[in-house]
Amino acid sequence: MAEKFDVIVVGAGPAGTSCAYTLAKAGVNVLLLERGEYPGSKNVMGGVLYRKMMEDIIPGFYKEAPVERPIVEQRFMLLDEKSAVTFSYKGLEWGEEPYNNFTVLRAKFDQWFAEKAVQQGALLVNETVVTECLVENGKVIGVRTDRPDGDLFADVVVLADGVNSLLAKSLGFHKEFRPDEVALAVMEVLKLDRKIIEDRFSLEQDQGCTFEIFGDATKGILGTAWLYTNKDSLNIGVGAMLSGLIKNKIKPHQLLDYVKKHPIIRPYIQGTEQQEYLAHLIPEGGYHSIPKVVGDGVIVVGDAAQLVNAIHREGSNMAMTSGVLAAEAILEAKAAGDFSASMLDSYRQRLMDSFVGQDMKKYKDATHHFEKYPHYFEKYIPLMNRAASQMFTVDGSSKWEKQKKIWTELGSAKEKWKMARDLMQAWRVMK
């Protein structure tokens, strides 16, 4: 007789492991399947983990988890070819318990987190690819794997298999995602002495800093670059909408090479040594791209459900919350002995009522708006940088003269009016 579990979770990333941990802690017989050699071996993110959502699962996790540095400063850089307007928030309270967020290396953190789920009673099986969901009379009853005699059965299957969820697609939950619904990100981990990191980024011992870089980093394509500090390494990466990369015939590694050589960025990574090179698709279609997330005997969580807030670089925290909410819905279904879509739909309701659904709805039009109008990055950021240069250059001209010159550079009355409309539209999609 084929093996039967209460729940099978496909994918040991933040969403899948959060779900498996919560279920196992409640005494549910749960199987966690991971296609990689170990959890985290195929998982990629910029490298920022928010404390609150993880601590809701494991209180005080940061006291033992392999986190890198608590972030005390977040910098935002509007980059032009030879200039940058930078603003930041530095909060020393973020360097004290309970902290706000941390940098992490997924290969380390995901292994630790999955082991915690195992300690609660989950069964983790690595190097196992789920090839399809098993369906009987319209209900998902298990999964087929690439192992010999690899059919496994469960009351509920949780799909946490990432942005391009072939399993959810095969069930008809979504079509092939369009190039304007996903971003392609590449990242390098660069080794650097921890003392040099702290000196270079003006940090005290063990403190961390993050850079979010807009504008010239992506050559006008909707996207962002980043630079994050780990204990003894840096994460530098760039992500851009796949549609923009295709349209402009630019490969993501070309953007990353450009950022690394940029005269503003280059001094921060001087003397580093490449340790890893990573690439990953990121779901950035937003609220309108969220697929069907519940069916008879099946739930979709995390990146597979397109749960990423690109505006605020939030993904892993949303994934964790979705995993926990899925587990809560499954526990209710188990108590009722009913694993139908109507019963499991409490997950969808919880998700939409949580900060995840609310934030996805708040920024539902933002990504598509900024991709449709690339001049926000191509034109307005350089204009802002030139205006700053004018005002801060002391050359004998009066500030009245400088303001007049800046005003003239903004263009004709028609162009100024268009800029005002653009700024108003940007406010509307962000408010």
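The values are calculated or read from the model by the stated rules, or taken from the named source; none is laboratory data. Just so it is clear, the structure is predicted and the values come from calculations on it, not from any experiment. Heads up, the Cβs are rebuilt from the backbone with ideal geometry, glycines too, and the neighbour counts pull from every protein chain shown. Just so you know, the surface numbers come from the protein's heavy atoms only, side chains and all, with ligands and any DNA or RNA stripped out. Shrake-Rupley method; radii C 1.70, N 1.55, O 1.52, S 1.80 Å.
In percent, what relative contact order does the chain have, based on Cα pairs under 8 Å that are 6 or more apart in sequence? Show your work: numbers first, answer last.
Values: 880 pairs, mean separation 82.5, N = 431.
Rounded, it is 19 percent for the chain.
Dipole of segment 86-178, Cα-centred, from +1 at each Lys and Arg C-beta and -1 at each Asp and Glu C-beta, to the nearest 20 debye? Mind showing how you got there, number by number?
Values: 10 positive and 14 negative charges, 72 e Å.
Rounded to the nearest 20 debye, it is 340 debye.
For the chain, build the charge dipole from Cβ charges (+1 Lys, Arg; -1 Asp, Glu) around the Cα centre, then report which of Thr393, Ile269, Pro374 sits farthest towards its positive end.
Working it through, the farthest residue towards the positive pole turns out to be Thr393.
Using alpha carbons only, how many degrees (0 to 90, rounded to 10) separate the axis of helix 316-336 from the longest principal axis of the chain?
It works out to around 20 degrees.
Rg over Rh of segment 251-326, using C-alpha atoms and the Kirkwood radius, what does it come to? Could the numbers behind the result be given before it?
Working: Rg = 17.5 Å, Rh = 15.3 Å.
Rg/Rh for segment 251-326 comes to 1.14.
Place a label point 7 angstrom from the Cα of Arg147 along the Cα-to-Cβ direction, then list the residues of segment 105-138 whose backbone nitrogen is under 14 Å away.
123-131
Eigenvalues of the Cα gyration tensor times 5, then square-rooted: what semi-axes does that give for segment 276-431, in whole angstrom, largest first?
Rounded to whole Å, the semi-axes are 48, 15, 12.
Let me spell out the model: positive unit charges on the Cβ of Lys and Arg, negative unit charges on the Cβ of Asp and Glu, origin at the Cα centre of segment 152-269. What dipole size does that give, in debye rounded to 20?
Numbers: 15 positive and 15 negative charges, 118 e Å.
My answer is approximately 560 debye.
How large is the accessible surface per residue of the chain, computed with a 1.4 Å probe and reported in Å² as a whole number?
On the way: 19850 Å² over 431 residues.
Ligands and nucleic acids excluded, the figure is 46 Å² per residue.
Could you state the angle between the C-alpha long axis of helix 381-392 and the longest principal axis of the C-alpha atoms of the chain, as a value from 0 to 90 degrees rounded to the nearest 10?
In the chain, helix 381-392 runs at an angle near 40 degrees to the longest axis.
Starting from the coordinates of the alpha-carbon atoms of segment 275-361, obtain the Kirkwood hydrodynamic radius over all distinct pairs and give the value in Å to one decimal. Before the final figure, lay out the partial values.
Numbers: mean 1/r = 0.0742 Å⁻¹.
For segment 275-361, the Kirkwood estimate is 13.5 Å.
Please work out the C-alpha center-to-center distance from segment 62-112 to segment 404-431 and express it in whole Å.
Segment 62-112 and segment 404-431 have Cα centres spaced 33 Å from each other.
Once you place label points 7 Å from the Cα toward the Cβ at Ala336 and Lys4, how far apart are they in nm?
Here the modelled spin labels are 2.1 nm apart.
Quick one: Cα centre-to-centre distance for segment 265-319 and segment 20-48, in angstrom?
16 Å
Round to a whole number: what % of the accessible area of segment 1-132 belongs to carbon and sulfur, probe 1.4 Å? Let's see the in-between values first.
On the way: 2650 of 5590 Å².
Heavy-atom surface of segment 1-132 belonging to carbon and sulfur, 1.4 Å probe: 47 percent.
Using 0.36 nm per residue, how much length does the chain from Asn29 to Arg428 gain when fully extended, once their Cα-Cα distance is taken away? Let's see the in-between values first.
Values: separation 399, 0.36 × 399 = 143.64 nm, distance 4.70 nm.
In short, 138.9 nm is gained.
Using helices alone, I'd like the mean residue ellipticity at 222 nm for the chain: each DSSP H run of four-plus residues gives -39500 (n - 2.57), total over residue count, nearest 500.
Value at 222 nm, helices only: -10500 deg cm²/dmol.
If you roll a 1.4 angstrom probe over the protein chains with everything in place, what fraction of the accessible area of segment 254-338 belongs to carbon and sulfur, to the nearest %? Write out the running numbers ahead of the final one.
On the way: 1610 of 3310 Å².
Here it works out to 49 percent.
Which residue, Val158, Leu255, Leu123, has the largest displacement toward the positive end of the dipole of the chain when charges sit on each Cβ (Lys, Arg +1; Asp, Glu -1)?
Towards the positive end, the residue furthest out is Leu255.
Just to confirm the number: angle between the C-alpha axis of helix 14-25 and the first principal axis of the chain, 0 to 90 degrees, nearest 10?
Result, in degrees: 40.
What per residue convex hull volume, in Å³, comes out for segment 48-109 when only alpha-carbon positions are used? All intermediate terms of the calculation are to be shown ahead of the outcome.
Values: hull volume 6.2 nm³, N = 62.
Enclosed volume per residue, from the Cα hull, is 100 Å³.
Considering only protein heavy atoms, what is the solvent-accessible area of Met424 at a probe of 1.4 Å, reported in Å² to the nearest 10?
90 Å²
Largest first and to the nearest Å, give the Cα extent of segment 340-431 along each principal axis.
Cα spread of segment 340-431 along its principal axes, largest to smallest: 75, 27, 18 Å.
Let me know the shape class of segment 129-249, please: from the alpha-carbon gyration tensor, a ≥ b ≥ c as square roots of the eigenvalues, rounded when a/c is under 1.5, otherwise prolate if a/b is greater than b/c, or oblate. Please list the in-between numbers first.
Numbers: a/c = 3.73, a/b = 1.81, b/c = 2.06.
Here segment 129-249 falls in the oblate category.
Which of the residue pairs Lys90/Lys364; Lys219/Lys404; Lys379/Lys414; Lys139/Lys175; Lys63/Lys191 have a Cα-Cα distance greater than 18 Å in the structure shown? Each step should come with its number before you reach the end.
Working: Lys90/Lys364 29 Å; Lys219/Lys404 29 Å; Lys379/Lys414 15 Å; Lys139/Lys175 20 Å; Lys63/Lys191 24 Å.
In this structure, Lys90/Lys364; Lys219/Lys404; Lys139/Lys175; Lys63/Lys191 lie more than 18 Å apart at Cα.
With a 1.4 Å probe and all protein chains in place, put Arg200, Arg69, Arg386 in order of accessible area, largest first.
Arg386, Arg200, Arg69
Given the Cα-Cα distance of Asp199 and Glu37 and 0.36 nm per residue of separation, how much length would full extension add, in nm?
Length gained between Asp199 and Glu37: 54.7 nm.
When the convex hull of the C-alpha atoms of segment 74-167 is computed, what volume per residue in Å³ does it have? Let's see the in-between values first.
Working: hull volume 20.5 nm³, N = 94.
It comes to 218 Å³ per residue, whole-number rounded.
Using the Cα centre of segment 1-129 as the reference point, and only Cβ charges (+1 on K/R, -1 on D/E), how large is the resulting charge dipole? Debye, rounded to the nearest 20.
Numbers: 14 positive and 17 negative charges, 16 e Å.
Once rounded to the nearest 20, the dipole reads 80 debye.
Multiply the residue gap between Asp232 and Met384 by 0.36 nm, knock off their C-alpha separation, and tell me the result in nm, one decimal place.
51.2 nm
Given C-alpha coordinates of segment 196-325, what is the ratio Rg to Rh with the Kirkwood estimate of Rh? Don't jump to the answer; show the numbers that get you there.
Values: Rg = 17.3 Å, Rh = 16.8 Å.
Ratio value, two decimals: 1.03.
Within the accessible area of segment 344-431, what % is carbon and sulfur when the probe is 1.4 Å and the other protein chains stay in place? Before the final figure, lay out each step's value.
Values: 3440 of 5740 Å².
Summing carbon and sulfur atoms, their accessible area is 60 percent of the total for segment 344-431.
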